[in-house]
1. Near Ile124, within a Cβ-to-Cβ distance under 15 Å, what is the net charge of the other residues, with Lys and Arg +1 and Asp and Glu -1?
2. What is the fewest-to-most order of Val96, Val69 by other Cβ atoms lying within 10 Å of their Cβ?
3. Starting from the amide H of Thr56, placed 1.01 Å from N in the peptide plane, find each other amide H under 5 Å away whose residue is 5 or more places distant or on another chain.
4. For segment 5-140, give the share of DSSP beta bridges that are antiparallel, in percent and rounded to the nearest 5; count only bridges with both residues there.
5. List the residues, sorted by chain then number, that are 5 or more residues from Thr8 or on another chain and whose placed amide H is less than 5 Å from its amide H.
6. What does the net charge come to around Glu65 if you take all other residues with beta carbon closer than 10 Å to its beta carbon, with K and R at +1 and D and E at -1?
7. What's the exposure ranking of Tyr38, Tyr79, going from fewest to most Cβ atoms within 10 Å?
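Coordinate-derived values only; no laboratory data. What you see is a predicted model; the values in this text were computed from it and never measured. Every residue, glycine among them, receives a Cβ derived from its backbone with ideal geometry; neighbour counts consider all protein chains shown.
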Amino acid sequence: MNPPIKVTNLGKQALINAQNSGLSGVIIASAKLGSAVYDPTEDATDLVAPFKTIETISGVAIDDESISVSIKDTSDDGYEVNEIGFFTDTGVLFAVLATQNEPILLKQAKSWLLATLDIKFSSIDASHILFGDASFAYPKATESQVKKGVSVMEMVGPESMYFLVKRQKMNFFNLNLLRGA
């Protein structure tokens, strides 16, 4: 099961405009990665055990309730991620994701991390969540984006990276593209 994401109280407050009469946009500028294992709450103001800040972040609103967020780390670092926090351009923890069992992400030393998280909100209009000027986003394809009659291998291409991931780690990210699933 995917761990739930919690929009923090400070994150909700950041959405309210200065006149207190509606919503304004927030800009998600970075993601912090952490190692703590816990059940996040809306009262969070930072991660419990942050170890890395990633500013290579991009995203798009998929629909009124959902965003797709991509983060990229090209460092030589290796790590295990149990918590992720999304921070606004003013430093406010907008939302936090944490797990109580298996890691959310694993990165081996001298490898790149490119992760895309699709997040659905129950009470927030996703059009008010903006991202900085990073120039990449990898939202999942919709029927209107995929050409009819094109195989998955043709879309991905033979030069694509091949993912070696244990089956139990694949529940969070759908990496079955190369198998045609």
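1. Numbers: positive: Lys6, Lys12, Lys120; negative: Glu42, Asp63, Asp64, Glu65, Asp118, Asp125.
So the environment of Ile124 carries a net charge of -3.
2. Numbers: Val96 28, Val69 24.
Ordered from fewest to most neighbouring Cβ atoms within 10 Å, Val96, Val69 come out as Val69, Val96.
3. Those lying under 5 Å, H to H, from Thr56 are Lys72.
4. Here the share of antiparallel DSSP bridges comes out near 90 percent.
5. Amide H to amide H, under 5 Å and 5 or more residues apart or across chains, Thr8 pairs with Ala95, Val96.
6. Once all neighbours under 10 Å are counted, the net charge is -2.
7. Working: Tyr38 16, Tyr79 19.
So the ranking, lowest neighbour count to highest, is Tyr38, Tyr79.
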